[in-house]
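Worksheet for the structure shown next.
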Amino acid sequence: MIDLLVAGSGPAGAATAIRAALAGLSVAVVEPRSAPIDKACGEGIAHSAVDYLSRLGVKLDGRPFYGIRYLDGQHQVDARFHAGPGLGVRRTTLHQGLMDRLADLGVEVVQGRVTAVTQNGTSVTAAGRTARYLVAADGLHSPLRRQLGLGTSPSGDVRRGLRQHFFVRPWTDLVEVYWSGLGEAYVTPVADDLVGVAILTSARGTFNSHLDAFPSLRRRLSGARPAHTVMGAGPLRQRVRGRVAGRVLLVGDAAGYVDALTGEGIAVALRTSAELVECVLKDRPDDYETAWRRVSWECRLLTGSLLWARNRSLLAPRIVPAAALLPGVYATIVNRLS
Ligand SMILES: Cc1cc2nc3c(=O)[nH]c(=O)nc-3n(C[C@H](O)[C@H](O)[C@H](O)COP(=O)(O)OP(=O)(O)OC[C@H]3O[C@@H](n4cnc5c(N)ncnc54)[C@H](O)[C@@H]3O)c2cc1C
C-alpha cells in the first residue's frame, strides 16, 4: 500500500504529488492523457505560484508579465505588481515541467483513468492500486466528485472559456483584459512571438465571432497567424458541497471553481495542494476542508464579487471606468491576487 494515489496530473495533481514526494510519502499518479497535456487556459501564472513551483523544483520557461491592464472602448488602467512578475507559460510547457519534476523524484505516473473507488477505515482502492489516501485532482468536471456525490448542478448564467494563440510579438509586458458586453478577452504573452487569447463569455458562438466584440483587440491581431487549435472549457462555475469524502480529498478545479475572471486557478490549486499534503502527513483528512477554505477564501471572495458585478447589466459597463477612476483600489486588488 502506498501513501497517496493522485487522480489527474494537471497542476493540482502534479503539485500535490511533488510536494508529497518531497515530504517523503510514497506516491503514484494516474492520468488518462499523454504528456504534455494542453488545456483551455489564460496561461498567466501568478507570481506566488511561480515562486511556489520554483521551490518545488519545477523548471518553467515562459514570458514574465508585470501587471494587469483593464481596457474597454474608452478607458484603460494599468496595475503593476509589487511582489514580482507573473509568468505566461504555455500549458504544454507547464505540464512537461511538472512531469519532468515527477520523473526526477521517481514518482510513478500510470496511464489510466480512475473510475470506481472503494474505501474502508484505513485505505482506498482505485485504478487497481491501494493507498492510504486518494486525491481527486481530475479537473473542472471531476468524475470522482460526481461519483462521491459532492457536486451540485450548475445554476444561473453559464460562462465558458475559449482560447486561441496567435503568432505575434507581444505589444506589452502586462496581461491585458478587454471588457465588452459579450465578456472578457485575456491576452497573455507566452513567448517572444506568441500571445494567448482567452475569451470568457456566457454567449454562444465561435472564437472568431466572439472576437468581433473586442474591436481594438481584433485590430491588434489583424494579420497575426493563429497557432494551435481553439480549445474550450466550461461551465466554469462548479459548486462543491465539501472537499473530503472519507479518505478521498479534492483539490484544484475538482474542489470547486468560481470563474477564470481573476486568473487565479493555478495559484489556488497549488496553495490548497500544500494544505492537503500537510493534512495527509498529520493523518488528519478532516482538517483539510477548513484549511482549503482558509487559503482560498480571499480569492473566492474577490472573484465572486467581480463576477457578481460582471453579471449585473447596470454595473458591468462601469467596472473598467471605476478601476480607471480609482487606480489605487484597482492596484490593491490586483496585488492581493498576485
Ligand atoms: C478559459 C480559462 C482561462 C484560465 N486562465 C487561467 C490563468 O490565466 N491563470 C490561472 O492560474 N488559471 C487559469 N485558469 C484556471 C486553470 O486552468 C485551472 O484552475 C487549472 O488548470 C486547474 O488545474 P487542475 O489540475 O485542477 O485541473 P486540470 O488542469 O484540468 O487537470 C485535470 C487532469 O485530470 C485528468 N483526469 C480527468 N479525469 C480523470 C480520471 N478519471 N482519472 C485520472 N485523471 C483524470 C485530466 O486528463 C487532466 O489532466 C483558466 C481556466 C479557463 C477555463
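One table, with the values for the structure above:
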quantity	calculated
Checking SER54 against (1) touching a residue at least 60 places away in the same chain (Cβ under 8 Å); (2) small (Gly, Ala, Ser); (3) within 23 Å of ALA17 (Cβ to Cβ); (4) open to solvent by 30 Å² or more (accessible area, probe 1.4 Å), the condition it does not meet	(1)
Tally of residues being in contact (Cβ under 8 Å) with a residue 40 or more places away in the chain and surrounded by fewer than 15 Cβ atoms within 10 Å (Cβ to Cβ) across the range 323-338	1
Matching option when the condition is touching a Ser or Thr at 6+ places or on another chain (Cβ under 7 Å), of a type outside the set (A, V, I, L, M), closer than 21 Å to LEU276 by Cβ and within 14 Å of the ligand (Cβ to nearest atom), among GLU43, GLU31	GLU31
Qualifying residues in the range 235-277 (those that are near the ligand (Cβ under 10 Å from one of its atoms) and assigned to a strand (DSSP E or B)) - the one nearest to ALA137 (Cα to Cα)	LEU250
Checking ALA227 against (1) under 14 Å from the mean Cα position of the chain (by Cα); (2) over 30 Å from ALA28 (Cβ atoms), the condition it does not meet	(1)
All positions within the range 290-309 that are of a type outside the set (A, V, I, L, M, F, W, C) and either open to solvent by 40 Å² or more (accessible area, probe 1.4 Å) or under 12 Å from THR262 (Cα atoms) (or both)	THR290, ARG293, ARG294, GLU298, ARG300, THR303, GLY304, SER305
Pairs, first assigned to a helix (DSSP H, G or I) in the range 287-299, second of a type in the set (Asp, Glu), C-beta under 8 Å, six or more apart	TYR288/GLU275; ALA291/GLU275; ALA291/GLU278; TRP292/GLU275; ARG294/GLU275; VAL295/GLU275; CYS299/GLU264
Hits in the range 130-157 (condition: in contact with an Asp or Glu (Cβ under 6 Å, 6 or more places away or on another chain) and more than 9 Å from the ligand (Cβ to nearest atom))	ARG132
Among (1) at positive phi; (2) open to solvent by less than 50 Å² (accessible area, probe 1.4 Å); (3) of a type in the set (Asp, Glu), the one test that GLU264 misses	(1)
Output for the range 182-216, where each listed residue is within 17 Å of ALA260 (Cα to Cα) and open to solvent by 30 Å² or more (accessible area, probe 1.4 Å)	LEU182, SER202, ALA203
Any chance GLY24 is surrounded by fewer than 20 Cβ atoms within 10 Å (Cβ to Cβ), at pLDDT below 95 and away from the ligand (no atom under 13 Å from the Cβ)	no
Scope the range 222-234; condition more than 7 Å from the ligand (Cβ to nearest atom) and small (Gly, Ala, Ser); matching residues	SER222, GLY223, ALA224, ALA227, GLY232
Top-ranked residue in the range 113-137 [being of a type outside the set (S, T, N, Q) and open to solvent by 40 Å² or more (accessible area, probe 1.4 Å); ranked as nearest to SER202 (Cα to Cα)]	ARG113
Tabulated pairs, the range 98-125, first under 20 Å from HIS141 (Cα atoms) and in contact (Cβ under 8 Å) with a residue 12 or more places away in the chain, second of a type in the set (A, V, I, L, M, F, W, C) and open to solvent by less than 70 Å² (accessible area, probe 1.4 Å), C-beta under 6 angstrom, 6+ apart or interchain	GLY112/VAL30; GLY112/ALA127; VAL114/ALA7; VAL114/VAL30; VAL114/ALA126; VAL114/ALA127; VAL117/ALA126
Out of ALA79, ALA15, sole residue that is over 19 Å from the mean Cα position of the chain (by Cα), open to solvent by less than 20 Å² (accessible area, probe 1.4 Å), within 16 Å of the ligand (Cβ to nearest atom) and at negative phi	ALA79
VAL320 outside any helix (DSSP H, G or I) and in contact (Cβ under 8 Å) with a residue 40 or more places away in the chain	no
Positions within the range 4-51 being assigned to a strand (DSSP E or B) and more than 19 Å from GLY112 (Cα to Cα), in sequence order	GLY44, ILE45
Any hit, the range 158-167, residues being open to solvent by 40 Å² or more (accessible area, probe 1.4 Å), under 20 Å from the mean Cα position of the chain (by Cα), over 23 Å from TYR288 (Cα atoms) and more than 10 Å from the ligand (Cβ to nearest atom)	yes
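The values are calculated or read from the model by the stated rules, or taken from the named source; none is laboratory data. Model, not experiment: these values are computed from the prediction. Virtual Cβ from ideal backbone geometry, glycine too; neighbours counted across all protein chains shown. Each accessible area value is taken on the protein alone, full model and side chains, heavy atoms only, with ligands, DNA and RNA left out. Shrake-Rupley method; radii C 1.70, N 1.55, O 1.52, S 1.80 Å.
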